[in-house]
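Below is one structure, written out as structure tokens, with a few remarks after it.
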Amino acid sequence: MAAQVHGFQTEVSKLLRLLAKSLYSNSDVFLRELVSNASDAIDKLRFLSITKPELVKDDPVFSIRVRADREAGMLTITDNGIGMTESEANEHLGTIAKSGTEAFLANLSGDEAKDSQLIGQFGVGFYSAFIVADRVTVISRSANAPENEAVRWESTGEGTYTSELTTRAGRGTDVILHLKPEASKYLEDWELEEIIRTYSDHIATPVSLWKETTPAKTDEKDENVVEPAHYEWVQVNDAKALWTMNPREVKDEDYKAFYKHLTHEYADPLCWAHNRVEGEMEYTSLLYCPATAPWNLYDGREGHGLKLYVQRVFILDKAEAFLPHYLRFIRGLIDTNDLPLNVSRELLQESTVTHKLKKAVTKRALGMLEKLAADNDKYAAFWSEFGKCLKEGVVEDPANREAVMKLLRFASTKDAETEARSATVSLADYVARAPKEQTKIYYLVAGSYEAALSSPYLETFRKKGIEVLLLWERIDEWMMSGMPEFEGKAFVSVTASDLELGELAKDDAEAQKKVEEAAGDSVERLKKALGDKVEGVRVSSRLVESASCVIGQNDQMLTPQMRRMLEAAGR
Ligand code: ADP
Ligand code: MG
């Protein structure tokens, strides 16, 4: 039967044109993506074989093989993983199921380095083959399919692909790249070895390269006789699961490389924490904080979470159950002996082991961030990317509220002149430099940084030299509602009507008396004029430069920010 011709999904065609055109200068990524697919396919089968050992019986040693054929200009990546049936190949290689693709296309910046980072994040890995190949052939046989139900899939990456049944001796997949003339460097073993070492060193499956090796020289040989080239399979990666190593034996470079393998990112992580815990609970966690926020951080539909391994066997990607939602930006993995190998997403949610692990891992993550906070520059970078997430944590995670609050940073009236709008003040800083008699922490929530700075509510505080924390993000009012106090000092909005400055205001009683006398009957007149629009009119010594301002009735009343939010929501 002749091969059937299929059209790619529209998005795929668009993607292919973009990839081939815009990412050539980062063409190495194709190999990382294909090796990582081979490794994923093996992980999937390794997992299945726990309950169905017969699937791997005739070919029990997992391996990934990379072989260049210089004469033919072909590069082949072979694995003995789970493989694909014809319909699976058509589905997985012809369409992009993930909603992320559109976002990928929308996120392209035109900056090649940046755009190539997006490839892995959006799961368009396989198509990166077309950066270097003008024709790609995939021969695959599913671990569940007989010999004559393998598939031959092929495409030149121009709108269509073909597929047909074929035979393949064992399970697994060959991805055969017919390299473009300008990509011939990928036929050199040293080039391939370098890329595999850089990107795939920590893949838990051995990656072997068909490599020219020099046979040992013997003295009798004539210098002029050309020895025939000798090739053999040589393993080029470490194939050690990095997280199972002793943290003291792992170099920073290895942690960074592993992060890139894990996340498909190019940039280094900001920090990481690797812990091996034995005893009542047994687990290893390796957590990373990325340098930049992913595009979908605030997209509720996208899954986040850690990779889950049980006894070193890969079980689940993006297992959300081990971290609270607000720490969804943390990447990494957890490997435990305390969960069964057949654990499912549903079971995870209910398991008490999971709950215990979540508690422990959350502490590790917060501890890692606390350490990061010792480095002002790095922490400032962190805060501008992920600060909003931590603000969610104040309300979401009462059990760790203290720890989360310590990680918050604020803009304040104290640093407004020098470091406008940068949030660098911690609550501990604020408390430490407040005068002894100050028992409260004062803050102001406004619609924007500028509005906060020019607010009339700040006048008294400026005059008295009292620091006020400035907030203007959407989430701030909500966050403040979840923070009753810090180190025994209550939070007080400077817009509250019953604002009491206590000891700080002992000179004010006199002043209040004076302004009341000076105001005479103007209060009564204003009350009449404003009628129902206000609860009351009071004379105050709070304002220094402005003539009047609107204040909340008491703590239960809406602050100006909340009022604005409700107005915006049409209430
Ligand atoms: P992702 O790896 O993020 O899912 P890719 O574009 O890299 O996206 O791969 C698409 C899909 O094609 C994979 O999810 C998998 O189902 C299938 N696939 C790709 N390569 C292989 C392989 N070597 N063996 C089995 N399936 C594969
Ligand atoms: Mg992939």
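Is it the case, given these coordinates, that LEU118 is more than 9 Å from ligand 1 (Cβ to nearest atom) and either open to solvent by less than 40 Å² (accessible area, probe 1.4 Å) or modelled with pLDDT of 95 or more (or both)? Here the answer is yes, as LEU118 does meet what is asked.
Counting only strands (runs of 3 or more DSSP E) that fall entirely inside region 251-328 and contain at least 2 residues that are open to solvent by 50 Å² or more (accessible area, probe 1.4 Å), the qualifying elements are 271-277, 313-319.
Kindly evaluate ALA113 against the criterion of being modelled with pLDDT of 70 or more and away from ligand 2 (no atom under 16 Å from the Cβ).
Details: modelled with pLDDT of 70 or more: no; away from ligand 2 (no atom under 16 Å from the Cβ): yes.
In short, no.
Of the numbered criteria (1) surrounded by 16 or more Cβ atoms within 10 Å (Cβ to Cβ); (2) modelled with pLDDT under 95; (3) not in a helix (DSSP H, G or I), the one ASP219 fails is (1). Of the residues GLU154, GLU158, GLU149, the single one that is at pLDDT below 95 and acidic (Asp, Glu) is GLU158. Put simply, of ILE96, ILE50 the only residue that is more than 16 Å from ligand 2 (Cβ to nearest atom), modelled with pLDDT under 95, of a type in the set (Val, Ile, Thr) and on the phi < 0 side of the Ramachandran plot is ILE50.
Conditions (1) in contact (Cβ under 8 Å) with a residue 24 or more places away in the chain; (2) of a type outside the set (S, T, N, Q); (3) closer than 19 Å to GLU392 by Cα, marked per residue:
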| residue | (1), (2), (3) |
| --- | --- |
| ALA432 | no, yes, no |
| TYR443 | yes, yes, yes |
| LYS464 | yes, yes, no |
| VAL468 | yes, yes, no |
| LEU471 | yes, yes, yes |
| ILE475 | yes, yes, yes |
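Reported count of residues in region 385-411, each being part of a helix (DSSP H, G or I), closer than 24 Å to PRO269 by Cα and basic (Lys, Arg), is 3.
Report, by residue number, each residue of region 157-173 that is open to solvent by 20 Å² or more (accessible area, probe 1.4 Å) and touching a His at 6+ places or on another chain (Cβ under 9 Å). Hits for region 157-173 are THR160, THR162.
Taking the numbered list (1) under 23 Å from SER163 (Cα atoms); (2) over 25 Å from the mean Cα position of the chain (by Cα); (3) without any contact (Cβ under 8 Å) to a residue 60 or more places away in the chain in turn, ASP40 passes all entries but (2). Contact map, region 107-118: first residue polar (S, T, N, Q), second residue open to solvent by 60 Å² or more (accessible area, probe 1.4 Å) and modelled with pLDDT of 70 or more, Cβ cut-off under 6 Å, separation 6 or more or different chains; pairs are ASN107/TRP295.
Listed here are the strands (runs of 3 or more DSSP E) enclosed by region 1-96 that have at least 1 residues being in contact with a strand residue (DSSP E or B) (Cβ under 8 Å, 6 or more places away or on another chain), open to solvent by less than 40 Å² (accessible area, probe 1.4 Å) and more than 10 Å from ligand 1 (Cβ to nearest atom): 64-69, 74-79.
The values are calculated or read from the model by the stated rules, or taken from the named source; none is laboratory data. Everything quoted here is computed from the prediction, not taken from an experiment. Every residue, glycine among them, receives a Cβ derived from its backbone with ideal geometry; neighbour counts consider all protein chains shown. The protein model used for the area step is the full one, side chains on, heavy atoms only, and it has no ligands, DNA or RNA in it. Shrake-Rupley method; radii C 1.70, N 1.55, O 1.52, S 1.80 Å.
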